[in-house]
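J.: Take this structure first; my questions come after.
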Amino acid sequence: MSRPCCQGITPDDPRFAELDAFIRDGHAAPRFLIAVLHRAQELFGYLPEEVQSHIAKALHVPPSEVYGVVTFYNYFTLKPVGKFPINVCMGTACYVQGAGRVLAQFEQELGIKPGEMTPDGLFSLEVCRCIGACGLAPVATIAGEVYGKLTEATAKKLIAEFRAQAAAEPGQAEAVGVATGGEPA
Ligand code: FES
């Protein structure tokens, strides 16, 4: 599924109608809060206050409870993410194998720092803790795929390939696993 651009969510945004349809389709109870949040993040790309508020009203749960769930689970994000979200592991094994240099290369290629998204909405950059792939250190995930044994060169190559892919197939956000020096694990 494509990851829609996430800027400028207004009350008349048609994605709210899609979310409401999902809620009506057997998810209109507080116990479905996590499922509804998952669907909302698929639709909007992130979970800003207006989306949380909409869900709180629809499921009849306090906004504080929605916020609590969103901030508890790492999967959910309060910030817009790019079509290809990048998470660079800065856990110990990755750090000692050069994750800092890989991160710096991503920053240079993208012109952004961790916590930011490129103006074209293609990439967002984050750092994370160990993702359990220490044997492949240093690792990063891009659009959900794990890439290991990264170097500055393969980081640069990955960005170029994802950019080329986005240019060729602008609607295909989920396309990952491109042939690179840093193969998906
Ligand atoms: S420290 Fe990076 S995967 Fe474990």
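The values are calculated or read from the model by the stated rules, or taken from the named source; none is laboratory data. Here the structure is a predicted model, which means the values were calculated and not measured. Glycine gets a Cβ as well: all are built from the backbone with ideal geometry, and neighbour counts include every protein chain shown. Heavy atoms of the whole protein, side chains included, go into the accessibility calculation; ligands, DNA and RNA do not. Shrake-Rupley method; radii C 1.70, N 1.55, O 1.52, S 1.80 Å.
J.: Report, in degrees rounded to the nearest 10, the 0 to 90 angle that the Cα long axis of helix 33-44 makes with the longest principal axis of the chain.
T.: 60
J.: Among SER124, SER53, SER64, what's the order by accessible area (1.4 angstrom probe), most exposed first?
T.: Putting SER124, SER53, SER64 in descending order of accessible area: SER64, SER53, SER124.
J.: Hey, another quick one. Given a 1.4 Å probe, how much area per residue of the chain is accessible, in Å²?
T.: Heavy-atom SASA per residue in the chain reads 51 Å².
J.: Among the DSSP beta bridges whose two residues both lie in the chain, what percent are antiparallel, rounded to the nearest 5?
T.: Taking every DSSP beta bridge within the chain, about 60 percent pair in antiparallel fashion.
J.: Using a 1.4 angstrom probe and counting only protein chains, how large is the accessible area of LYS83 in Å², to 10?
T.: Probe radius 1.4 Å; accessible area of LYS83 about 40 Å².
J.: Counting only chymotrypsin sites (Phe, Trp or Tyr not before Pro) that are in a DSSP loop and have at most 16 other C-beta atoms within 10 Å, tell me the longest site-free stretch of the chain.
T.: 76-185
J.: Let me ask something else about it. Between the stretch 110-126 and the stretch 81-98, how far is it from one alpha carbon centroid to the other, in angstrom?
T.: 14
J.: Find the relative contact order for the stretch 33-135 and round it to a whole percent, using C-alpha pairs within less than 8 Å whose residues are 6+ positions apart.
T.: 25
J.: DSSP loop (so not H, G, I, E, B), at most 14 other Cβ within 10 Å: list which trypsin sites (Lys or Arg not before Pro) in the stretch 95-152 pass both filters.
T.: Values: sites: ARG101, ARG129, LYS149; in loops: ARG129, LYS149.
Within the stretch 95-152, the qualifying trypsin sites (Lys or Arg not before Pro) (loop, at most 14 other Cβ atoms within 10 Å) are ARG129.
J.: Grab the DSSP H runs of the chain that are 4 residues or longer, score each as -39,500 (n - 2.57), total them, divide by all residues and round the 222 nm result to the nearest 500 deg cm²/dmol. Walk me through the numbers on the way to the answer.
T.: Values: 7 runs with 78 residues, N = 185.
Mean residue ellipticity, 222 nm, calculated: -13000 deg cm²/dmol.
J.: Please give the per residue volume of the convex hull enclosing the alpha carbon atoms of the chain, rounded to a whole number of Å³.
T.: 118
J.: Another question, if that's okay. Take the solvent-accessible surface of the protein heavy atoms, probe 1.4 Å, and return the percent of it on the stretch 79-131 that carbon and sulfur atoms account for.
T.: 51
J.: Return the lysines within reach of LYS57: Cα separation strictly under 23 angstrom, same-chain partners fewer than 8 residues apart disregarded; answer none if there are no such residues.
T.: The qualifying lysines are LYS79.
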